[in-house]
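Enquirer: Let me begin by handing over the structure; questions about it come next.
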Amino acid sequence: MKTIPYAQLLAQLPENGKHITGYQDNDQIVVYQAYKPAIAEYAVRHQQLGGPGFSYERMSWIKPGFLWMMYRCGWATKEDQESVLAITIAKTDFLQILAEAVPTTFKPKQYSDSNAWKADMKAKAVRLQWDPDHDPFGRKQERRAIQLGLKGDLLKTFGQTYIRSIADITGFVKEQKVHVDRHRLEALLVPAESVMTLEDPALRQAAGL
């Protein structure tokens, strides 16, 4: 994974608004998840999600933004989130997930009424949230970051079929946390993320953009 100085990332990302940012190329994008070590070890060994500690009966959230993941898992310090996984999937699969997304709260600009939203909630297997992005210290930013919750058959498809590779980046996370703890952001490295552009109006609607 190519990394860049945090200051460089900050300079190239929008300061506000909703944006899907992630480590990507023309064909693939990386999403992050954090688990207890036993789940992460199984995932890396088998290159899919599963094992005795993982449940496909629960909703599982993916996040394409590295610093949002760091905020959520406390730089790999929170209980049951001590191991951070970088999961590479095809962009076409990511967009398929996005096409199934339903916001976790009713959005009048996306739905004619709450009944239409509730019908979508029943019919679709992906939940979408736009949350404040965070800086390395966990402080909220004006820019919004996306996270997607998967459940049911789609979660199984993601965990067993969509995944192209899984890498445990916990070591990298801990190395960078040292710089954050010492307030040395000039030394902080982060994945070279960029903004994903959605041309399809239906996808933009599904994403609430």
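Enquirer: What ³J(HN,Hα) values, in whole Hz, does the Karplus curve 6.51 cos²θ - 1.76 cosθ + 1.60 give for the stretch 199-209 when θ = phi - 60°, with x put for Gly and Pro?
Expert: Residue by residue, the stretch 199-209 yields 8, 6, x, 5, 5, 5, 5, 4, 7, x, 9 Hz.
Enquirer: If you bin every alpha carbon distance in the stretch 33-103 into 5 Å steps from zero, what whole percent lands in each bin?
Expert: All Cα pairs, binned at 5 Å, distribute as 3, 15, 23, 25, 22, 11, 2 percent.
Enquirer: Under a 5 Å amide H to amide H cut-off, with H placed in plane at 1.01 Å, what residues pair with Met196 once short-range neighbours are removed?
Expert: For Met196, the qualifying residues are Ile20, Thr21, Gly22.
Enquirer: Given H placed 1.01 Å from N in the peptide plane, which residues other than close sequence neighbours of Ile4 have an amide H under 5 Å from its amide H?
Expert: Distant-sequence amide H within range of Ile4: Val190, Ala192.
Enquirer: Compute the distribution of all C-alpha to C-alpha distances in the stretch 72-172, in bins of 10 Å from 0, and list the percent of pairs in each, rounded to whole numbers.
Expert: Calculated P(r), rounded to whole percents: 13, 34, 38, 14, 1.
Enquirer: In Å, what Rg and Dmax follow from the Cα atoms of the chain?
Expert: 16.8, 50
Enquirer: What ³J(HN,Hα) values, in whole Hz, does the Karplus curve 6.51 cos²θ - 1.76 cosθ + 1.60 give for the stretch 92-106 when θ = phi - 60°, with x put for Gly and Pro?
Expert: Values, residue by residue: 4, 6, 4, 5, 5, 4, 4, 5, 8, 6, 10, x, 6, 10, 4 Hz.
Enquirer: Find, among the GluC sites (Glu not before Pro) in the stretch 155-209, those assigned to loop by DSSP (not H, G, I, E, B) with at most 12 other beta-carbon atoms within 10 angstrom. Each step should come with its number before you reach the end.
Expert: Details: sites: Glu175, Glu186, Glu193, Glu199; in loops: Glu193, Glu199.
Taking the stretch 155-209 and a limit of 12 other Cβ atoms within 10 Å, the loop GluC sites (Glu not before Pro) found are Glu199.
Enquirer: Could you put Met69, Met1 in order, starting from the residue whose Cβ has the fewest other Cβ atoms within 10 Å?
Expert: Details: Met69 27, Met1 13.
Starting with the residue having the fewest Cβ neighbours, the order is Met1, Met69.
Values in this text are rule-based calculations from the coordinates and carry no lab data. Nothing here was measured: the structure is a model prediction, and the numbers come from that model. Glycine gets a Cβ as well: all are built from the backbone with ideal geometry, and neighbour counts include every protein chain shown.
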